[in-house]
Every structure is written in structure tokens, then in C-alpha cells.
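Peer 1: My structure is below; once you've seen it, I'll send some questions.
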Amino acid sequence: MKVAEAIVQIMVKEGITDAFGIPGAGINPVYKYLEGAPIEHFCMRHEEACMHAADGYYRASHKIAAALCTSGPGATNFVTGLYTANIDSIPVLAITGQANSWQMEQDAFQCVDMVSIAETVCKKVFCVLDGSTIVDVMKEAFYLMRSGKPGPVLIDLPLDIQQQEIEFDIDDYEPQIIEEVTPELPKIKEAMDLIEQSKAPVIIMGGGVILSHAEKELIEFAELLEIPVITTYMAKGGIPVDHPLNAGHAGIQVGQPIGNKYFLDSDLVIGIGNRFTDRHTGSLDVYCEGRKFIHMDIEKGQIGKVFEPDLGIVTDAKKGILALIEEAKKRNSQPINTKRAAELPTLRKELSRKTDYDDTPMMPHRVFYEMNKAFDDNTMFTAGCGITQIWSGQLQEINKPRRYLPSGGAGTLGYEIPAAFGAKVADPSVHSVTVLGDFGFTFMVEEIAVAAALNKPIIVVIVNNAYLGLIRQNQIGAYDFEYGVDMPYNQDGTMDYIKVAEGFGCEAERAFTPEELEKALERAKNSGKTYVIDAICVQEQLCDMGPSLDKIKSFA
């Protein structure tokens, strides 16, 4: 059979049921066999959106999807999506077309060196120059995506290679087994020693816990010893909002007062499946001073990357947590600080940020107040970057894992809408909602047409403050100037996002007051259509943030 057919058959055998792509001359041989395969294909409007949709699909379902496009600028448009997925540990099978293999050194039309371009934002990039290797390449690609720290793999396919004849029988193909990464028992014992010696420990639940489906085990361990749990941005929803041990987020941007307080009061930090990134830690002097650290991660290179912990444990999150539970039960370990744990629910309520503002134009906080009321716990949310994303992280209440699906490490404008579409494909039974700024809406806005045309409705909530809000805040706070960030035309009628949405086949309306927004959200939920709500907000509101966990400045 042809290489192109073998690729599609292997995709099916490896469990791919959905693909997001744009056909083109450089990838049409694969599309010929995709047509008859039991894989549903969704034609996007931009190649970057193919990647973001496959990314959002995985975050919602933990099933790998494929993203496909043609060569040249189509392939290079994948790069931002590859980076977004890679830094957040999201596996996507990316397949790009390429010029004929003999043309690759001739500057042929739409020929570009994707290996050199994409290798820093993927787990691996393959350019297949011998059709007989395709089976091994595909097997390794799926293995790499799923093993260790997950991530995307790109397979670049020259046109002539796609059409080569090879000997292949799909019945002989078996996916490669993924090895379990288990902790060393002496290190688990050492971790329990540190925990039992502490007086005010805190657990950080990272995105790796969600990827490992270990949130229930982490909560069990926390309850066993009554240790407060801080969630990173990527783990939002991993523990219910009102759980007695939920200490919210810590961080200099999407952090919350309760999370920062409990972190700063701690003497031991147990980080599980997290990366200690800069937006979480802020000043490392403040973050590290006066406390010890245990860091558990599946990726050995992640431990010590930001700072050296007192104890590093290489392990899958679930395996590590289960080992801690077993060791704690063997020792009959007792709760560490019951008074501190008991005070948490009251303090969490007292320190929560105000959201029920009645102002008109609306405070951005009120948008999230209404969203928290309007949507149930099964609703999926995506967020990208900017001041709206920070408010979303601070103010949205998420009670279940794999329901809040943000671009974390990359902070990608343009991720929001296609990721929401991909999430909707993964779970069509629930609402898929994206919240973004008025400027961010114009990144990948064309993908609302895909959601509308293919009857996979999403809800888009625009927090319209007519500014590049986060950039303005940085200019004012860090450099004492303001330039090029005001966009009054986004509110004064010059730019009409309602007409944009309607032109793409969606329903839309503008909300000026909290009451109008409340009703708009209800209409959006009940419409069964892709729905855009343009929420007009105050223009110059800043968000709470600071350089270190002990210097967060509040602006509302």
C-alpha cells in the first residue's frame, strides 16, 4: 500500500477518531485515505487553529487528535500551536505536507525546513525521507506523545514519500507500550520524614496531576494529613472550590489572596506535577525563603530547573501520590496542623475578591460573577492571555478537572476560540465557553465560522475594555508611560463585533449592564448556536498583581 494509506490506518489503530486540518496540494495524498477512514475531519480556517483545536480537544478529553496541513506557510503556521501545546505538556499528532524529497535543497515552491523550525517546540520532529521507515516513525511518534512529559510530535511528509509503495499489514501493527515511572521508595520515606517534621506544610497541585488523573488521590492524601492544597493555574478545578482544604491559587498574577497567604505561612512545600514558573513564584528570594521544598515530577530535567528543591522525586504524579498515601498509612501518620486547616474555609471567604459590582459600564469582575452564576460545573472554559485571562484565573470558580483549559506557559492570543471548538468536539454534550478581551477576539476570530457552520456551538464572551489592558498596566507600572494601547473604536461603534459575529453565521448581542449580561448569557446557553456576547466594561481598570507574593497590589 501507499505510505499515505499506512499513515491513516496507523492513526486509526492508535485511537485517533478526530482530526483538525486544512487540505492542500502538499498533503492531499493523506487526505485521499482520510476520506474513507473512521476519523471525523473538521476543516478549520487557519492552520494555527488546527493545532489549537487539537490541543483543546486533548485538554477536554485526554484523547490525542491529529492536526494536518499543507507545506510552506501552512506548516509554519503550526509553530505557535506546537509551542502552546508543548509548554503545557499537551500531546498532538501534527502532520505537515512537504515538497518532493528531491526538491528540498532547491528552494522549491512552499518548501521549508520544518525540522529546524519546529524542533525546539516539539518532543520530536520527523522528516520522512524513506517510505519504508514510516511505520517505525508513527510508532515512535505515538510513544513519545504519551510517555514521560507529554507533548506534540510533528511528522513532515514529502509529497513523493507519501505516494511510495510499501509492504504493510495493519494487523501486524501494535502500539508501543508506555513504561510506568514509579518513585524510589527511600525517597518517599524521606518525603514523609520531612512532612512529619513540618508545622505548616502546603501541597501544590500542578497540571501534571491533572494529566495523570491523580486529583482524587492528591485530595485523599491531603485529607489524610489535613494539608492545605494550592492549585497552579494549569490545575484549576482539580479540587472543588468549597473543599475545606482548597487554598486557591498562589502567584503574582492569577494568584489569590488565600493562596498567597497560605503559601507564605508555610514551612514545607510539596510540589506535585508543577513547574515553579515565574508567574507563580514571582521573586524567588521571597518564594523560597524560610521553607523547604519537595518536588515530584515525571520529567527528571524539570526538577531543579528553577531552583534546587530539598528533595526531588522522579515519578508519575499518581504513582508518587499513591506511594505517599501507603507510607503515611503504614506510619499511622497524624494530621499535621488541624488548627491551620480548620481556619482555611473562613479565611478563604474573608479574603475572596469582590465580584458583585453594580457599576455601569461594568467592572470586568462582574462579568465573571455572572459567568459563575450562569454555567454549571460541567461547562468547559478556555482562556488565552492578557488582563482578561488573569481576571479569569483569579475570579472564575471551577469545580472539576479538565473543565478549565487555558493556554498556560505560552499565553497565546488566538488559542481561545479554536481550543473551545476542539473541546466542544471532544465533549459535545456540554457548553464550551471562551472568555477573552476585545483585542484578543480578533485573533483567530474566523474560527467562530467553523463552529457555526459545523454545528458545534461555542459561547464567546468578550470583556471589552477598549484597551490592551495588561500591556497598559505594564507600561504604567514598570516604565511610567502609556502609548499605543488605547482602542476607543472597540467601544464607540466603529468596530462592531456583533456584525462580525453575524457575518460568520453566529448570533450575537452587546451587554452594557449586569442585568443585560445575565439575560444574554441565558439566551446564549439556550440558543443552540455559536453565540458572541460583547460585554462593555470600564476602560482603565487594572488587575491585582505584583513582583512577589508578599507585594501584590490590589486595584479593586
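Values in this text are rule-based calculations from the coordinates and carry no lab data. Owing to the predicted nature of the structure, the values given are computational and were not obtained by experimental measurement. Ideal geometry is used to build each Cβ from the backbone, glycine not excepted, and the neighbour counts take in all protein chains shown.
Peer 1: Pull out the extension gain between E140 and A108, defined as 0.36 nm times the separation in residues minus the alpha carbon to alpha carbon distance; nm, one decimal.
Peer 2: 8.6 nm
Peer 1: Separate question: Loop-only trypsin sites (Lys or Arg not before Pro) in the stretch 398-494, please: DSSP not H, G, I, E or B, and at most 11 other Cβ atoms within 10 Å.
Peer 2: Passing both the DSSP loop test and the Cβ count: no residue.
Peer 1: At R0 = 25 Å, how high is the FRET efficiency between E289 and E196 if r is their beta carbon distance? Nearest 0.05 is fine.
Peer 2: According to the calculation, E is roughly 0.65.
Peer 1: Find the centroid of the Cα atoms in the stretch 334-349 and in the stretch 434-492, then give the distance between the two in whole Å.
Peer 2: Each part's Cα centre sits 39 Å from the other's.
Peer 1: Using label points projected 7 Å from each Cα along Cα→Cβ, tell me how many nm separate Y483 and E515, to one decimal.
Peer 2: 4.5
Peer 1: Also: Please tell me which of these pairs span more than 31 angstrom C-alpha to C-alpha: K329/K400; K236/K456; K199/K330; K189/K349; K318/K456; K199/K349?
Peer 2: Cα-Cα > 31 Å for K189/K349; K318/K456; rest within.
Peer 1: Okay, next question. Any idea how far the Cα center of the stretch 203-256 sits from the one of the stretch 380-403, in Å?
Peer 2: Result: 15 Å between the Cα centres.
Peer 1: Of the listed peptides 320-333, 479-492, what is their order by residue-averaged count of other C-beta atoms within 10 Å, with the highest listed first?
Peer 2: 320-333, 479-492
Peer 1: Between the stretch 283-314 and the stretch 496-556, what is the separation of their alpha carbon centroids in Å?
Peer 2: Cα centroid of the stretch 283-314 versus Cα centroid of the stretch 496-556: 38 Å apart.
Peer 1: Turning to a different aspect of this structure: Apply the a/c threshold of 1.5 to the C-alpha gyration tensor of the stretch 364-536 and tell me whether it is rounded, prolate or oblate.
Peer 2: Prolate, because a/c is 1.5 or more and a/b exceeds b/c.
Peer 1: Hey, what number do you get for the chain at 222 nm if only DSSP H runs of n ≥ 4 count, each worth -39500 (n - 2.57), divided across all residues, to the nearest 500?
Peer 2: Using -39500 (n - 2.57) per qualifying helix, the result is -10500 deg cm²/dmol.
Peer 1: Now, a different point. If R₀ is 60 angstrom, what is the calculated FRET efficiency for the pair F555 and D169, using the beta carbon separation as r and rounding to 0.05?
Peer 2: Plugging the Cβ-Cβ distance into 1/(1 + (r/R0)^6) gives 0.40.
Peer 1: How large are Rg and Dmax for the chain when only the alpha carbon atoms are used, in Å?
Peer 2: Calculated on Cα positions, Rg and Dmax stand at 24.1, 72 Å.
Peer 1: If the cut-off is 17 Å between C-alpha atoms, which lysines fall inside it for K32, apart from same-chain ones fewer than 8 positions away?
Peer 2: List returned: K2.
Peer 1: On to the next question. Would you please classify the overall shape of the stretch 3-172 from the alpha carbon gyration tensor, given that a ≥ b ≥ c denote the square roots of the eigenvalues, rounded means a/c under 1.5, and beyond that prolate means a/b larger than b/c while oblate covers the rest?
Peer 2: Rounded, because the longest to shortest axis ratio a/c is under 1.5.
Peer 1: Any idea what the relative contact order of the stretch 185-351 is, in percent, if you count C-alpha pairs under 8 Å spaced at least 6 apart?
Peer 2: About 30 percent, as a whole number.
Peer 1: Label the stretch 244-354 by shape, choosing from rounded, prolate and oblate, from the square roots a ≥ b ≥ c of the eigenvalues of the Cα gyration tensor; if a/c is under 1.5 it is rounded, and otherwise prolate applies when a/b is larger than b/c, oblate when it is not.
Peer 2: oblate
Peer 1: So how do I134, I462 line up by other beta-carbon neighbours within 10 Å, fewest first?
Peer 2: Fewest to most other Cβ atoms nearby, the residues stand as I134, I462.
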